[in-house]
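Below: one structure, written as structure tokens.
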Amino acid sequence: MYILCMDLLLRHYQSKKFKVGKTTAICEIQLYEYDYLIHFISDFTFDYLKYENKTQLAIHHGFTINLNNGDIQTYYQLSNYAVSEKTFSKSKNNRKKNNFNSIYNLIENAIYRGEKRRGYWGVRYGKSIDKLINILIGKLKPHIESDYIRNKEYDSKYTINPIFDLFVDFHLSKKKIKPHDSVYHTIQQEYPKPKWLKENENKFLPAVLDSYGIKSKYLIGEINKKTELDINLHTVSYVCKLFGDGYVDYLRRMDWFDLVSHGIDVRKKYHTLRNDVEKNCMVKLVNDWNINQTIVHIDNLIDIVVKTLTLRDFLEEKGLKLKFNATTFNDVELLLNKWENLKNYFKKGYKIRYTFPEDMIQNVESDIFIGQEKFTVKILKTQEDFFTEGFVMKNCMSKQFNKGIVFLYISMKNKKTRINLEYKNGILITSFGKANTPVDKGFVDAINTLNKRVLNFVDYKWEKEKYDFIEK
């Protein structure tokens, strides 16, 4: 009834029918104007088969723009309707005000993609979206005070997408908030409270940084330089808190931008490194990660740092004193691995290992000499042995501990080269180098010698046992 009083600015209706399953997809988009309000509605319904029963999915989006005060409210409702007695109905609703993450999701899902992949609805749908964009530009631009923004060509000059950039520009103009170059990214994560805006002359970025206690000319200048990066201000805050009051001096020594791009939300958990030694290690770690991240295939170093330092908090509550001394990505992975094992130890109250007959250990683990070359041999016995071997060798050895009751796992090393060997019933089953590469030919004679040794103990048995119990 409310909508009937509005002027219809745009309507697009479309349906698609599919022979397979006799299903239908329907979309309807409407844009209305009433007094000082712009109201958008989209409805998408999709039939689909679930366990051979037809079910209908209905997705409703909407936004209302207040042209007077710049407020943008979003609405979202998803419903699964039961078509038969064998399926169930369920729904969820969501309403937000000036939440630009919700605004972005609405624009992407309800407008550009039509709740499907781009291009799903075809050319006619695309032309209607172009009309929608032009109407919104025509309605909102006159309410933007800045001549520079008012003359902006949104179809060719935008950061996120034309509609989202337009909404941000319009909203900030009406609220008289001064933006920064990368505001289209940061407004999706943070929206400064009135208190901080008032104390920072209504400047968006200084207000947010001030709320975190990390406002500085250095950060404001550096973040403004990186308009192409989606810098996560939560993560920026976490990194600064790692280094304490002198964070600027440490940030200047490392390339921290990739570290805080698309970062995890860590605002509820902070850590501070204890001294200059730990802080210098962190600088080296970040620089090593920047150089080698394409090699190690890890997107988020901060995630690992948070897990590692959170583990330290847990373990130090148990009475341990631990140092953060990782300077390379390999170091921090190994440190995380060790501390995870310690946490498991405290949770269980004991460690687990395999016990082998002493004469078998002495014989099998004796050094092997081939000419002038020395080969050291180690039977993997404890969980720590397996975890460390898997980490160093970049293979799945860390997951093989439980199979150690049946198989015999051995590490052999010559100078800096290392291989792993797997035996069953005295017979060598597999052998491989680092990252499961083929074994170096220089190990052949040493492996033959080891094979003979292991055969001598084919009838030996070993047991799994608990040890190093924690007294409670």
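What follows draws every value from the coordinates through simple rules; no lab data is involved. Computed from a predicted model, the values in this text were never measured in an experiment. Virtual Cβ from ideal backbone geometry, glycine too; neighbours counted across all protein chains shown.
Within the chain, the selection of entire DSSP H helices by a Cα span of 24 Å or greater along the long axis and an average Kyte-Doolittle value of at least -1.0 returns 123-140, 276-296, 301-317, 329-348. With contacts taken as Cα pairs under 8 Å at a separation of at least 6 residues, the chain carries a relative contact order of 7 percent. What shape does the stretch 293-375 take by its C-alpha gyration tensor, where a ≥ b ≥ c are the square roots of the eigenvalues and a/c under 1.5 counts as rounded, a/b above b/c as prolate, and the rest as oblate? Cα axes put the stretch 293-375 in the oblate bin. If R0 is taken as 41 Å, the Cβ-Cβ distance between Phe18 and Asn66 corresponds to a FRET efficiency of 0.50. In terms of distances greater than 28 angstrom between alpha carbons, the cross-link table entries Lys351/Lys415; Lys97/Lys131; Lys175/Lys307; Lys157/Lys241; Lys424/Lys464 yield Lys351/Lys415; Lys175/Lys307; Lys157/Lys241.
Pairs spanning more than 20 Å between alpha-carbon atoms, out of Lys416/Lys461; Lys174/Lys203; Lys374/Lys461: Lys416/Lys461; Lys374/Lys461. In the list (i) 24.3; (ii) 27.9; (iii) 23.1, the label attached to Kirkwood radius over Cα pairs in Å as derived from the coordinates here is (ii). Measuring between their Cα centroids, the stretch 161-239 and the stretch 88-127 lie 25 Å from each other. With neighbour counts taken as other beta-carbon atoms within 10 Å, the residues Asp181, Asp385, Asp169, Asp7 rank, fewest first, as Asp7, Asp181, Asp385, Asp169.
Quick check: Cα centre of the stretch 26-61 to Cα centre of the stretch 379-403, how many Å? First find each Cα centre; the distance between them is then 53 Å. Straight distance only, please: which aspartates and glutamates reach the Cα of Lys466 with their own Cα at less than 16 Å, same-chain residues fewer than 8 apart left out? Output for Lys466: Glu384, Asp385.
Where a ≥ b ≥ c are the square roots of the eigenvalues of the C-alpha gyration tensor, would you call the stretch 354-467 rounded, which needs a/c under 1.5, or, failing that, prolate if a/b is larger than b/c, or oblate? Here the stretch 354-467 falls in the oblate category. In percent, rounded to a whole number, the relative contact order of the stretch 232-348 is 27, using alpha-carbon pairs under 8 Å and six or more apart. Going by the alpha-carbon gyration tensor, a ≥ b ≥ c the square roots of its eigenvalues, is the stretch 232-348 rounded (a/c under 1.5) or, if a/c is not under 1.5, prolate (a/b greater than b/c) versus oblate? Verdict is prolate for the stretch 232-348. Of Asn101, Tyr112, Thr24, which is farthest on the positive side of the dipole of the stretch 3-176, counting Cα position, with +1 on Lys and Arg Cβ, -1 on Asp and Glu Cβ, and the Cα centre as origin? The one lying farthest along the dipole's positive direction is Thr24. The alpha-carbon of Lys195 sits under 16 angstrom from the alpha-carbons of these aspartates and glutamates, leaving out residues fewer than 8 places away in its chain: Asp210.
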